[in-house]
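Accompanying notes for the structure given below.
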Amino acid sequence: MNVENQRFVFLSIFIFISVCLGEDYDIDDKTGFGRSFDGIGGLSGGGATSRLLVNYAEPYRSQILDYLFKPKFGASLQILKVEIGGDAQTTDGTEPSHMHYEDDENYFRGYEWWLMREAKKRNPNIILIGLPWAFPGWVGNGENWPYDFPDITASYVVSWILGAKQYHDLDIDYVGIWNERSFNSKYIKLLRYTLDKSGLERVKIIASDNLWEPIASVLIDDKQLQDAVEVLGVHYPGTNTVPEALKTGKKLWSSEDYSTFNDNVGGGCWARILNQNYVNGKMTATISWNLIASYYEDLPFGRDGLMTANEPWSGNYVVESPIWITAHTTQFTEPGWTYLQTVGHFTYGGSYVALTDKRGNLTIITETMTHDHSVCIRPPLHPYNVTVQIVTFHLKGTFASISELQVWHSKFDFKTNQTVLFQNLKPIKVIKGYFSIEIDVDEVYTFTTVTNGQKGSYPDPPPSAPFPKTYKDHFDVPGNPYFSEAPNFADQTGVFEYFTNVSDPGPHVYTLRQMVTQRPVTWVADADQTISVIGDYKWYDLMVSCDVYMEAVDSGGVFIAVRVDKGGGRVRNTKGIFFWVYADGTYKVTNDLSGMTVLAEGLSGTKAYVWYTLTLTVKGNYASADLNGYPLWKNAILWEPRHGWAAIGTSSFELAQFDNFAIQALA
């Protein structure tokens, strides 16, 4: 008998051991059922978090998608939540709106449509959710508040849902209000009315994707609001709920959770909250922000995904521990299964849940994650203790006749780094309704009647590699089916899209164009300028060149930049070396995106509707800037920043085009 099988203690000796070292726990459906299980999911968006995924070549892109969505293979996710793009910065980048302007509709912008199709292809039953973080400026009529014009906002959101069906055959199941912002009862009711009027009665509303209060209390006293809202969704609840939320009788979801670095401590965080969100808070769905860390790691919250895929240029990706922790639940349950009443905490630390399909199948998931090995990024985790223990389960009711359970095991070993993830052990015998097991700290077990679980695998992907030192993009990829943005560019303010100059017979037929001309209804503080970054954050000595075309007369301007040191919600404070030219015939070199720290300035002769080639070279503490090969500025002394991305952008929210972008790392 091997070491693992020795841990299983059978009926002949379990009574003595359980009395001395452990406790008994009933698993019984005759005492009644708990709430219906709604699924485990991931959130793509909330900051362009899947931005780099679409750039992966095959077969790696499909392999990554299989690890996320393919049933009985990897995470086997049951829910996919996506951002309804709003043209604004929402944590790690911007996602394009389907309506930049009131008279503009395009349901092929961005990659969320593609991602939802791929998820649905692998799991036709996956639940789809849309939620706006930001809105195009026209929705707020120039104000930073979408509720001032609730009919416009509701119609805008509903158009996204209708477009998902019309253009992609995607049925959106749930829609949210406005991520982590104040809710508005009038707007929620109007959204429900607009959905119903549009034939979307099946689409349910989640509110408010923020805190339990005050919406729970308001809901109790407002019958019309009760009828409009299907799910109370909360973010980062710390596994706890409030009495008012329970009194509503609504489904309770942790509609955004985790947000934690995906090392083994992150895996421990995920294991603990997946169980305890229900045990402590009666939450029947948990959704991870984010789905996949597929954005530049040096942006905020780097690697806060269920897995990591941030090197499309190399093809490397990493199946991180949260993928297999998810599988402990998702591969052995389905939405519509039911929690038993007999769930709870172990006497010596940890927790257990039990679910059934009410047709004889049973799945029990246990976790004994210690405090220091399961800390999530938020909220604070109060101290608690977990010790090695003998756990005895007594199967009662319709489960009393079960004679054997499949066993899946994960063990986080923080001392020897011999972590084991999602290992299929020998089935455990159930004798007269009893089975016992010694459970160590930092372990996850699944005991189940479901027999078709699988730890899916592919050959190792290519090794990790830095961004290429030489890189060019002529943007000659019209009609790409996967995305409207150029590969590897990560928009931080504004939206840069492929554009076709149908009337231009010259060399710039296909370009990249900045499309946003009005400040959006923002979620975080966008910069006053638009900017898209690319490359290796560690770059120091670099030459960047790009053809540029200004479309804003007099006040317009564009730039190329190197050593760009910030993105995401900190984009307003970005520093770097920025080379600007303006339509009024001037140029400027600045040490920041805001343009306040001027290193050099003068006349350039540039104007709108003419193509120019900009070149910026930085080596050590010296920089030079060329216009059409003519030096405007050279050999200036620089001190900060010392490294960062390359970038392109505009001086305000204005139309401008870019072509023939090139990078050459000099060291």
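Side notes on the structure shown:
- Helices (runs of 4 or more DSSP H) contained entirely in the stretch 200-304, each with at least 3 residues that are of a type outside the set (G, A, S) and within 24 Å of the chain's Cα centre (by Cα): 264-281
- C269 meets all of the listed conditions (1) more than 23 Å from A207 (Cα to Cα); (2) buried (at least 24 other Cβ atoms within 10 Å of the Cβ); (3) in contact with a helix residue (DSSP H, G or I) (Cβ under 8 Å, 6 or more places away or on another chain) but one, namely (3).
- The strands (runs of 3 or more DSSP E) found entirely in the stretch 455-544 that carry 2 or more residues being over 23 Å from the mean Cα position of the chain (by Cα) and closer than 29 Å to D626 by Cβ are 470-473, 496-500, 510-514.
- The combined condition, being in contact (Cβ under 8 Å) with a residue 24 or more places away in the chain and part of a loop (DSSP other than H, G, I, E, B), is fulfilled by V553.
- Boolean, K607 is surrounded by 15 or more Cβ atoms within 10 Å (Cβ to Cβ) and basic (K, R): yes
- The set of residues in the stretch 420-449 being of a type in the set (V, I, T), touching a residue at least 24 places away in the same chain (Cβ under 8 Å) and out of contact with any helix residue (DSSP H, G or I) (no Cβ under 6 Å at 6 or more places or on another chain) consists of I428, V430, I437, I439, V441, T448, T449.
- Qualifying residue in the stretch 411-418 (condition: part of a loop (DSSP other than H, G, I, E, B) and under 25 Å from the mean Cα position of the chain (by Cα)): yes
- The single condition among (1) over 19 Å from A48 (Cβ atoms); (2) modelled with pLDDT of 95 or more that F467 does not meet is (1).
- Count - residues of the stretch 162-193 that are within 25 Å of L211 (Cα to Cα) and in a helix (DSSP H, G or I): 9
- Residue pairs whose Cβ atoms lie under 9 Å apart, sitting 6 or more positions apart in sequence or on different chains, and linking a residue in the stretch 401-417 that is in contact (Cβ under 8 Å) with a residue 40 or more places away in the chain to a partner that is part of a strand (DSSP E or B) and basic (K, R), are L405/K429; V407/K426.
- Filtering the stretch 545-565 to residues that are surrounded by fewer than 24 Cβ atoms within 10 Å (Cβ to Cβ) and under 28 Å from the mean Cα position of the chain (by Cα) leaves only D565.
- Of the residues making up the stretch 81-133, just one is in a loop (DSSP other than H, G, I, E, B), β-branched (V, I, T) and surrounded by fewer than 23 Cβ atoms within 10 Å (Cβ to Cβ), namely I126.
- Residue within the stretch 388-395 that is among the aromatic types (F, W, Y) and within 30 Å of D357 (Cα to Cα) present: yes
- The stretch 632-652 - residue that is modelled with pLDDT under 95 and either aromatic (F, W, Y) or in a strand (DSSP E or B) (or both) and, of those, nearest to the chain's Cα centre (by Cα): W639
The values are calculated or read from the model by the stated rules, or taken from the named source; none is laboratory data. Note that this is a predicted model, so its numbers are computed, not measured. All Cβ positions, even for glycine, are placed from backbone atoms using ideal geometry, and neighbour counts span all protein chains on display.
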